[in-house]
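Here is the structure we will look at.
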Amino acid sequence: MTLALETSLANIGLEVAEVKFLRIKEVIARTGKSRASIYGDIKKGRFPAPVKLGGSSSGWVKSEIDLWSQGCIDSRRTRPGT
């Protein structure tokens, strides 16, 4: 991990040891969304974007996927009639 990334993470209150990246197959398994709907929702600003890890590799920050999932649960609880 580069010093710049470690500094950026520290600035937002994350410890380096806390950051875990998920690959697309893990994101699909955790969310139940298809690859196409993930990328479509990223484009619409409704799903966390991946982080470039180098070369052609990308990964999603696990904590961001967890927050998105929690948001789905929370929105279910706030719908009228639930």
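The values are calculated or read from the model by the stated rules, or taken from the named source; none is laboratory data. Just so it is clear, the model here is predicted, and its values are computed rather than measured. Ideal geometry is used to build each Cβ from the backbone, glycine not excepted, and the neighbour counts take in all protein chains shown.
Taking region 62-71 as the range and being under 20 Å from residue 25 (Cα atoms) and either touching a Cys at 6+ places or on another chain (Cβ under 7 Å) or not charged (D, E, K, R) (or both) as the test, the residues that pass are 63, 65, 67, 68, 69, 70.
Of all residues in region 17-46, which are under 11 Å from residue 65 (Cα atoms) and touching a Leu at 6+ places or on another chain (Cβ under 8 Å)? Scanning region 17-46 gives 21, 30. If you go through region 43-77 and keep only what is of a type in the set (A, V, I, L, M, F, W, C) and more than 10 Å from the chain's Cα centre (by Cα), you end up with 53, 72, 73. None of 67, 5 is hydrophobic (A, V, I, L, M, F, W, C) and at pLDDT 95 or above except 67. For region 32-53, the condition holds for at least one residue, the condition being that it is at pLDDT 95 or above and polar (S, T, N, Q).
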